[in-house]
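Undergrad: Just dropping this structure here.
The values are calculated or read from the model by the stated rules, or taken from the named source; none is laboratory data. If you're wondering where the values come from, they're calculated on a predicted model, not measured in any experiment. All Cβ positions, glycine included, derive from the backbone under ideal geometry; neighbour counts span all protein chains shown.
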Amino acid sequence: GQQLNQSPQSMFIQEGEDVSMNCTSSSIFNTWLWYKQDPGEGPVLLIALYKAGELTSNGRLTAQFGITRKDSFLNISASIPSDVGIYFCAAPNRWSGGGADGLTFGKGTHLIIQP
Amino acid sequence: GAGVSQTPSNKVTEKGKYVELRCDPISGHTALYWYRQSLGQGPEFLIYFQGTGAADDSGLPNDRFFAVRPEGSVSTLKIQRTERGDSAVYLCASSLRAGPYEQYFGPGTRLTVT
């Protein structure tokens, strides 16, 4: 099956720094999604991308749909303590065109903010 | 508004027992999904429903796993003859049929098989 490779696995940063992470695959996708998960909670949708080259922002978060359709990037500007958590990329299992499908997730990037 | 809810939040069972995990989706969401998340991993797709029918059950690991959604709302994931390897967090998500892939997750049920 398809695999999503996230990097880095973990990041140790200082509060106020910018963060960059990415997700790559050997498969082509029409949709990329970015989720954040806090301990004991389910993943929360941050940004959804539907078009190659698309750049979408949600507050301090910006995500891009790679032009090759095989990758996506997530940036967080001016990190704050509540940004701590695990960030997952996800893509549809199959392009069904119907708008509803199971998702494949990467293994996540752990973001740790040092005081 | 109310999000996706899952019960119980924690379940401890003995190897070989039967368990049922319940998911209540967001009102009006016609698509419902089950995932399993092991420690240090991303969620792994199990099955999804469009209305009452299972549209894709390709992620169910074996025939000990079964899920139903008889009235197109609440869903139950059933695991027979549980094994220690079934221990994980079971996540449920829902989405509007027309909303492309924007799935909203519940808090999960942590299943521990002893």
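Undergrad: Under the condition of being more than 17 Å from residue B:105 (Cα to Cα) and surrounded by 15 or more Cβ atoms within 10 Å (Cβ to Cβ), which residue from the range B:49-65 is farthest from the other protein chains (Cβ to nearest Cβ)?
TA: B:65
Undergrad: Which condition breaks for residue B:9 when tested against (1) of a type in the set (Gly, Ala, Ser); (2) more than 8 Å from chain A (Cβ to nearest Cβ); (3) over 29 Å from residue A:85 (Cα atoms)?
TA: So residue B:9 meets the others, but not (3).
Undergrad: Right, here's the next one. For residue A:6, only one of the following conditions fails: (1) surrounded by fewer than 21 Cβ atoms within 10 Å (Cβ to Cβ); (2) closer than 16 Å to residue A:91 by Cβ. What is its number?
TA: Answer for residue A:6: the failing condition is (1).
Undergrad: Would you mind listing the strands (runs of 3 or more DSSP E) fully within the range B:10-86 where at least 2 residues are closer than 17 Å to residue A:42 by Cβ? Steps first, please.
TA: Numbers: elements: B:10-13, B:19-24, B:31-37, B:44-50, B:53-56, B:65-68, B:75-79.
Here the list reads B:10-13, B:19-24, B:31-37, B:44-50, B:75-79.
Undergrad: Can I ask one more? Every residue in the range B:46-63 that is over 10 Å from residue B:92 (Cα atoms) and among the aromatic types (Phe, Trp, Tyr), please.
TA: B:49
Undergrad: Test residue A:56 against the stated conditions and say whether it is under 10 Å from the mean Cα position of the chain (by Cα) and among the β-branched types (Val, Ile, Thr).
TA: Details: under 10 Å from the mean Cα position of the chain (by Cα): no; among the β-branched types (Val, Ile, Thr): yes.
Against the criterion (under 10 Å from the mean Cα position of the chain (by Cα) and among the β-branched types (Val, Ile, Thr)), residue A:56 does not qualify.
Undergrad: Going through A:74, A:46, A:55 one at a time, which residue ends up being in contact with a strand residue (DSSP E or B) (Cβ under 6 Å, 6 or more places away or on another chain) and closer than 30 Å to residue B:10 by Cα?
TA: Details: A:74 fails: closer than 30 Å to residue B:10 by Cα; A:55 fails: closer than 30 Å to residue B:10 by Cα.
Only one candidate passes the filter, namely A:46.
Undergrad: Out of all the residues in the range A:4-18, is one or more hydrophobic (A, V, I, L, M, F, W, C), within 14 Å of chain B (Cβ to nearest Cβ), outside any loop (DSSP other than H, G, I, E, B) and in contact with a Ser or Thr (Cβ under 6 Å, 6 or more places away or on another chain)?
TA: Filtering the range A:4-18 down to residues hydrophobic (A, V, I, L, M, F, W, C) leaves A:4, A:11-13.
With within 14 Å of chain B (Cβ to nearest Cβ) added as a condition, the list becomes A:4.
Going one step further and asking which of them are outside any loop (DSSP other than H, G, I, E, B), we end up with none.
Within the range A:4-18 (the criterion being hydrophobic (A, V, I, L, M, F, W, C), within 14 Å of chain B (Cβ to nearest Cβ), outside any loop (DSSP other than H, G, I, E, B) and in contact with a Ser or Thr (Cβ under 6 Å, 6 or more places away or on another chain)), the answer is no, since none of the residues qualifies.
Undergrad: Name the residue, out of B:95, B:75, B:87, that is under 10 Å from the mean Cα position of the chain (by Cα) and surrounded by 14 or more Cβ atoms within 10 Å (Cβ to Cβ). Spell out the reasoning first.
TA: On the way: B:95 fails: under 10 Å from the mean Cα position of the chain (by Cα); B:87 fails: under 10 Å from the mean Cα position of the chain (by Cα).
Answer to the check: B:75.
Undergrad: Still on this model: Return yes or no: is residue B:106 within 27 Å of residue B:14 (Cα to Cα), facing chain A (nearest Cβ under 10 Å) and modelled with pLDDT under 95?
TA: no
Undergrad: Quick check: anything in the range B:30-48 facing chain A (nearest Cβ under 8 Å), surrounded by fewer than 22 Cβ atoms within 10 Å (Cβ to Cβ) and among the acidic types (Asp, Glu)?
TA: Within the range B:30-48, one or more residues are facing chain A (nearest Cβ under 8 Å), surrounded by fewer than 22 Cβ atoms within 10 Å (Cβ to Cβ) and among the acidic types (Asp, Glu).
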